[in-house]
Amino acid sequence: MAQSGHRTPHRRTPGKTASQNNPALKDADLYDTLRSKGMSKEKAARISNAHANPHLHPSEKGGKAPRYEEWTKHALYRHAQEIGIDGRSGMTKPQLIKALRRH
């Protein structure tokens, strides 16, 4: 019977960082660079994995959705709620934009 709350620890390869041992990360070096620049784990993983996939062309994407400044505060709030930004209920529109861009 499995015990709840207990996970099997990851086995690390000596001389590698935790991110380099994570098979879900396709470009561990880029991930580490992005994390050192202050990006969240989730955002750094999304960017590094997209960058490693030649079919995604992340640098060529963008420009299709309107800038956050064009969104209503309510739409920004709903988006922040969807991705789990804490403290969103007391944020102003500029604060919501900043939080969404940091996520």
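Going Cα to Cα from Lys93, which aspartates and glutamates come in below 14 Å? Please leave out same-chain ones fewer than 8 positions away.
Correct list for Lys93: Glu69, Glu70.
Can you tell me the relative contact order of region 62-103? Whole percent, Cα pairs under 8 Å, sequence separation 6 or more.
Across region 62-103, relative contact order equals 40 percent.
Take the residue pairs Lys26/Lys64; Lys43/Lys64; Lys43/Lys98; Lys26/Lys98 and return only those whose Cα atoms are more than 21 Å apart.
Where the Cα-Cα span goes over 21 Å, the pairs concerned are Lys26/Lys64; Lys26/Lys98.
Hey, with R₀ at 30 Å, roughly what FRET efficiency would Thr33 and Ile83 work out to, going by the Cβ-Cβ distance, to 0.05?
Calculated transfer efficiency: 0.85.
Coordinate-derived values only; no laboratory data. Source: prediction; values computed, not measured. Cβ: placed from backbone, ideal geometry, glycine included. Neighbour counts: every protein chain shown.
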